[in-house]
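*Asks:* Take this structure first; my questions come after.
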Amino acid sequence: MNDRIPKKMRAVVLTKPGEFEIREVPVPVPEPYEVLCRVRGVAICGSDPEIIRGDLAGTWPPSYPFIPGHEWAGEVVAVGENVLNFETGDRVAGEPWKGCGYCTSCLEGKYNLCENYGKEKTGFRHYGFISPGAYAQYCAYSIKSVSKLPSNISFLEAALVDTAGVALHGLELTGVTPGGTVAIIGPGPIGLLAMRLARCMGAAKIIAVGRGSRLEAAGRLGADLLVDFEREDPVKAVRAAANGSGVNQALECSGAKGTFHQAVRMVKQGGRVALLGVPEGEFMEPLPFKYICRNEIAIFAVKADPNTKHKVISLISSGQLIVKDLITHTFPLQEFGKALNTFVKRRDGAVKVVIEPNGTEKI
């Protein structure tokens, strides 16, 4: 590697369930078809607290010690063997998934459903979950999991490409009716980005369903109508706002109990529902089986963000998708504990909290 690249780096290292340290660890060496990147911004994802707590220890992460983090952007500082399309100095954004490349799902472009999940000898990677992630000063990633950035996107903005990609994947599955109405249940980071992407894709009216500071944020960031589920029946309110017939698409972005059922009841006949929220733990959601059939309601489960990053980057670069005003807090790596607490407790109206492992950037 380049002599200017240090041998050691600082990283957030999970030591056991619920415990982590800022440690000095070796800088990874890029393998063939990998690039070594200096991490300039890494956003806290809603799945990170679950991983850090050790709720899925043994799977996410598979063992300890472990470096989490997967929503990041930075610059290439070294390339491994056989890397032809990236060079040092390239600005890039990362995504957590790399499929094996040869199973049926991967060949169909659905590498988020790779049939060799967890088998790293096949080439599969799930960075920040089972493969070392980006809460560090440097990370080594496959060239299949990084995308070049234009100069007009900051690293902080680019740390949200992965989040926006999940929202876009959901909207691509359901489609967006030009001139239609979309309901967003759960205006957290994914919900807020889904709201803006739906607008980019032609929705004329956006209804946000939530409560508290997140619902207020939806109002500031572009929702046409706010429904506070603590004050009124969300299904009745949404259907009334859609001329009584229901919305064209409903995106469940919270993972809360009961919201799947609500989304089904909110859409019109022939409407479509996307499930972007991930519930905590396991529970069964009762659904109106006959109602769904009689009204021909389509339901789409959403897993990660396959084949979306280039589209999101283009939308941000063109100015059609604004993300920087979702970044409410930034912290240096050594204050990761404070950053995590700010995100989890939603302190001071926190929406997206971004860690800067290698110094600050102005946007």
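*Asks:* Does E50 qualify as being more than 14 Å from A134 (Cβ to Cβ) and in contact with a Ser or Thr (Cβ under 7 Å, 6 or more places away or on another chain)?
*Replies:* no
*Asks:* Continuing with this model, one more query. So which of S105, S131, S147 is touching a residue at least 24 places away in the same chain (Cβ under 8 Å) and outside the structural domain of F260 (by TED's automatic domain parsing)? Lay out the reasoning, then the answer.
*Replies:* Values: S105 fails: touching a residue at least 24 places away in the same chain (Cβ under 8 Å); S131 fails: touching a residue at least 24 places away in the same chain (Cβ under 8 Å).
None of the others qualify; the one that does is S147.
*Asks:* Right, here's the next one. Suppose we filter G349, G281 for residues that are over 18 Å from M201 (Cβ atoms) and assigned by TED's automatic domain parsing to the domain that holds Y117; which single one remains? Before you say what the answer is, go through the steps one by one.
*Replies:* Details: G281 fails: assigned by TED's automatic domain parsing to the domain that holds Y117.
After ruling out the rest, the residue left standing is G349.
*Asks:* State which residue is farthest from N152 (Cα to Cα) when the search covers only segment 56-75 and only residues that are surrounded by fewer than 17 Cβ atoms within 10 Å (Cβ to Cβ), of a type outside the set (F, W, Y) and at pLDDT 95 or above. Steps first, please.
*Replies:* Going through segment 56-75, the residues surrounded by fewer than 17 Cβ atoms within 10 Å (Cβ to Cβ) turn out to be 56, 58-59, 62-65.
Still in the list and also of a type outside the set (F, W, Y): 56, 58-59, 62-63, 65.
Pick out the ones that are also at pLDDT 95 or above and you get 58-59, 62-63, 65.
On the way: G58: 40, T59: 38, P62: 38, S63: 39, P65: 37 Å.
Step by step, filter segment 56-75, then rank; the result is G58.
*Asks:* In addition: Which of the residues that make up segment 96-147 are closer than 27 Å to F20 by Cα and under 16 Å from the mean Cα position of the chain (by Cα)? Can you show your working first?
*Replies:* Of the residues in segment 96-147, the ones closer than 27 Å to F20 by Cα are 96-98, 117-120, 124-142, 145-146.
The answer is P96, W97, K98, H126, Y127, G128, F129, G133, A134, Y135, S145, V146.
*Asks:* Restrict the check to segment 235-250 and report whether at least one residue is in the same structural domain as T177 (by TED's automatic domain parsing) and either closer than 19 Å to R346 by Cβ or within 21 Å of the chain's Cα centre (by Cα) (or both).
*Replies:* Filtering segment 235-250 for residues in the same structural domain as T177 (by TED's automatic domain parsing) gives 235-250.
Subsequent filtering for residues that are either closer than 19 Å to R346 by Cβ or within 21 Å of the chain's Cα centre (by Cα) (or both) retains 249-250.
Checking segment 235-250: at least one residue is in the same structural domain as T177 (by TED's automatic domain parsing) and either closer than 19 Å to R346 by Cβ or within 21 Å of the chain's Cα centre (by Cα) (or both).
*Asks:* Of all the residues that make up segment 274-285, how many are out of contact with any Ser or Thr (no Cβ under 6 Å at 6 or more places or on another chain), in a loop (DSSP other than H, G, I, E, B) and either modelled with pLDDT of 95 or more or β-branched (V, I, T) (or both)? Show your work before the answer.
*Replies:* Pass one, segment 274-285, residues out of contact with any Ser or Thr (no Cβ under 6 Å at 6 or more places or on another chain): 275-276, 278-285.
Now narrow it down to the ones that are in a loop (DSSP other than H, G, I, E, B): 276, 278-285.
Okay, now just the ones that are also either modelled with pLDDT of 95 or more or β-branched (V, I, T) (or both), so 276, 278.
Residues in segment 274-285 being out of contact with any Ser or Thr (no Cβ under 6 Å at 6 or more places or on another chain), in a loop (DSSP other than H, G, I, E, B) and either modelled with pLDDT of 95 or more or β-branched (V, I, T) (or both): 2 in total.
*Asks:* Return yes or no: is R211 within 25 Å of the chain's Cα centre (by Cα) and under 19 Å from I299 (Cα atoms)?
*Replies:* Values: within 25 Å of the chain's Cα centre (by Cα): yes; under 19 Å from I299 (Cα atoms): no.
Taking the combined requirement at face value, the residue does not satisfy it.
*Asks:* Something else about it: For segment 24-41, what are the residues that are touching a residue at least 40 places away in the same chain (Cβ under 8 Å) and either in contact with a Pro (Cβ under 7 Å, 6 or more places away or on another chain) or surrounded by fewer than 22 Cβ atoms within 10 Å (Cβ to Cβ) (or both)? Before you say what the answer is, go through the steps one by one.
*Replies:* Narrowing segment 24-41 to residues touching a residue at least 40 places away in the same chain (Cβ under 8 Å): 25, 27-41.
Hits for segment 24-41 are V25, V27, P28, V29, E31, P32, Y33, L36, R38, V39.
*Asks:* Sticking with this one: State which residue is nearest to the chain's Cα centre (by Cα) when the search covers only segment 169-181 and only residues that are over 15 Å from K110 (Cα atoms) and crowded, with 18+ Cβ neighbours inside 10 Å. Outline the logic, then answer.
*Replies:* Initially, segment 169-181 is screened for residues over 15 Å from K110 (Cα atoms), giving 171, 174-181.
After this cut, where a residue has to be crowded, with 18+ Cβ neighbours inside 10 Å as well, the list is 171, 174, 176-177, 180-181.
Numbers: L171: 14, T174: 18, V176: 20, T177: 23, G180: 25, T181: 23 Å.
Among those that are over 15 Å from K110 (Cα atoms) and crowded, with 18+ Cβ neighbours inside 10 Å, it is L171.
*Asks:* Then there's this: Starting from segment 236-256, keep only residues that are part of a loop (DSSP other than H, G, I, E, B), then list their pairs with residues that are among the hydrophobic types (A, V, I, L, M, F, W, C) and crowded, with 24+ Cβ neighbours inside 10 Å whose Cβ atoms are within a distance under 7 Å, requiring at least 6 positions of separation or different chains.
*Replies:* G246/M266; G246/V267; C253/I184; C253/I185; C253/I190; C253/A194; C253/L276; S254/I185
*Asks:* Somewhere in segment 149-159, is a residue modelled with pLDDT of 95 or more, outside any helix (DSSP H, G or I), out of contact with any strand residue (DSSP E or B) (no Cβ under 9 Å at 6 or more places or on another chain) and of a type outside the set (F, W, Y)?
*Replies:* yes
The values are calculated or read from the model by the stated rules, or taken from the named source; none is laboratory data. Everything numeric here is computed off the predicted structure, so don't read it as measured data. When we count neighbours, we look across all protein chains shown, and the Cβ atoms used for this are built from the backbone with ideal geometry, even at glycine.
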